[in-house]
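Novice: Quick one: this structure, given as structure tokens, is what I'll be asking you about.
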Amino acid sequence: MSAHFTATSVALALGLCNPSAHAVPPGPAPDLPPPPHQRLEAPAPAGQYAVEGQVQRMLINPYGEVDGLRLSDGTIARFPPHLADALTATVKVGDVVRIIGRAEAGGTVRADAIVHTGSGRALYDQPPPVGAGRALPPHLRAQRLQPQQVEGRVETVLTGPRGEANGVILSDGSIVRFPPESLHLSVRAGAPFAASGLGTRNAFGTSLEAVSMGTTLSALQALYDRAP
């Protein structure tokens, strides 16, 4: 692997480890916070948004961690990746869930709680427990990323809190993330799309952070002029 590609890997890892991109800051904690799982029967509190539907896909970040759900009606629910194991233990594709959280642009919900309607179990957004261990530094996390290429048609455009496009889900379920300011082509549902970058392929699918993008793999355009 070239020095240029290694430098790009580390640079991408620094961006991917930015908590603002993946972690959802918890809201004000009550005096006695609920445990990670409990039955939830009450309606959504005032000021929050609730939606119910069937889970169509588990969404993963480029490190392969589940960080959200896509419902059959197209709703995207974002959830912090440090709760990935708890989420996948509670919810499976095909289950009906109730999402309680804060609505964002583009049909996205920043979930505060995900409730399995069949069992009544609820998973809450909470910070990592004290003593959970230190996270790997960015340059070590980068070693987990592998070169990936994807090509297909856009099924869903992913957006940030202000509605800025920062990723896509392709028709085969592959997920491509990219910085909003790097987007130089039109992305819309049904449009052809291809990308090359660094990411992970696992049982939940493929996810990558783009290094180059285009309408086909043979017409990719680099997103970065040079490695930092």
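We did not get these values from a lab; they are worked out from the coordinates using the rules stated. All figures in this text were calculated on a predicted structure; none of them were measured in a lab. Cβ: placed from backbone, ideal geometry, glycine included. Neighbour counts: every protein chain shown.
Novice: Please state the relative contact order of region 137-222 as a whole percent: Cα pairs under 8 Å, 6+ residues apart?
Specialist: Working: 177 pairs, mean separation 25.4, N = 86.
Dividing the mean separation by the residue count of region 137-222 yields 30 percent.
Novice: Give me SER72, SER182 ranked fewest to most by other Cβ atoms within 10 Å of their Cβ, as a rough exposure proxy.
Specialist: On the way: SER72 12, SER182 15.
Listing SER72, SER182 from fewest to most nearby Cβ atoms yields SER72, SER182.
Novice: I've got another one for you. What's the extension gain from GLN143 to SER72 if we count 0.36 nm per residue and subtract their Cα-Cα distance?
Specialist: Working: separation 71, 0.36 × 71 = 25.56 nm, distance 3.43 nm.
The GLN143-SER72 span can extend by a further 22.1 nm.
Novice: Report the label-to-label distance for ARG153 and LEU185 in nanometres (one decimal), using points 7 Å from each Cα along the Cα→Cβ vector.
Specialist: Distance between the two pseudo-spin positions: 1.6 nm.
Novice: Any idea how far apart ASP95 and ALA203 come out in nm if each label point goes 7 Å out from Cα toward Cβ?
Specialist: It is 1.4 nm.
Novice: Is the C-alpha gyration tensor of region 135-228 telling us rounded, prolate or oblate? Criteria: a/c under 1.5 is rounded; beyond that, a/b larger than b/c is prolate, otherwise oblate. Working shown, then result.
Specialist: Values: a/c = 1.44, a/b = 1.32, b/c = 1.09.
Here region 135-228 falls in the rounded category.
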